[in-house]
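**Student:** One structure follows; several queries about it will come next.
Each reported figure results from applying straightforward, stated rules to the coordinates on display, with no laboratory input. Just so we're clear, the structure is a prediction, and the values are computed from it rather than from any experiment. Neighbour counts are summed over all protein chains in view; Cβ atoms, including those assigned to glycine, are modelled from backbone coordinates with ideal geometry.
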Amino acid sequence: MAQILDPKPGEEIYDPCCGSGGLLINCAMNFRERYHNDPEVAPLPVQNQIATILSTIDQKLAAEQSRKEAPGPLFASLLHVLITAKIRVSTA
C-alpha cells in the first residue's frame, strides 16, 4: 500500500484507520529511502531542533542509568569483604 501511495515531497499522508501506524511508518521509510540524498528535501529546521533535543535527552537518560548502576559493584564487593570477614564491624 505504501508503495502504491508513493509519497512525494510536500504531500500529506492520511491513514484513517491508523491501527499500528504501519502504513505511515512504511510511507516514511519509502520516502526516506527515495529522497534521503536529495538536497531539495532537507529536514525542516524544527525537525533538526527536535532531533537535537531527543539526542540530548537520550544522553541524559544514559548518564542517569549509568549513575544508578555505579554503586552496585561497589556494594557487592563491600558485601563480599564483610561476608568473608576481611573487615570486622565493631559493635562498641
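**Student:** Using 7 Å Cα-to-Cβ label points, what is the THR84/GLU11 separation (nm, one decimal)?
**Tutor:** Going by the 7 Å Cα→Cβ label model, 6.8 nm.
**Student:** Extension gain ARG34-LEU61, at 0.36 nm per residue separation less the Cα-Cα distance, in nm?
**Tutor:** Value of the extension gain: 6.4 nm.
**Student:** Using a Gaussian network model on the chain with a 10 Å cutoff between Cα atoms, which of ALA76, ALA51, ALA63 fluctuates the most?
**Tutor:** With Cα springs under 10 Å in the chain, the top fluctuation among ALA76, ALA51, ALA63 is at ALA76.
**Student:** So what's the angle, to the nearest 10 degrees on a 0 to 90 scale, between helix 45-69 and the longest Cα principal axis of the chain?
**Tutor:** 20 degrees
**Student:** Between 0 and 90 degrees, rounded to the nearest ten: what's the tilt of helix 71-83 against the longest Cα principal axis of the chain?
**Tutor:** Here the helix axis deviates by roughly 20 degrees.
**Student:** Still on this model: Each residue of the stretch 18-35 in turn: what ³J(HN,Hα) in whole Hz from Karplus with 6.51, -1.76, 1.60 and θ = phi - 60°, glycine and Pro shown as x?
**Tutor:** Rounded to whole hertz, the list is 6, x, 9, x, x, 5, 5, 5, 5, 5, 5, 5, 4, 5, 4, 4, 7, 10.
**Student:** While we're on this one: Quote the charge dipole size of the chain about the Cα centre in Debye, to the nearest 20; the model charges only the Cβ of Lys and Arg (+1) and of Asp and Glu (-1).
**Tutor:** In debye, rounded to 20, the chain gives about 960.
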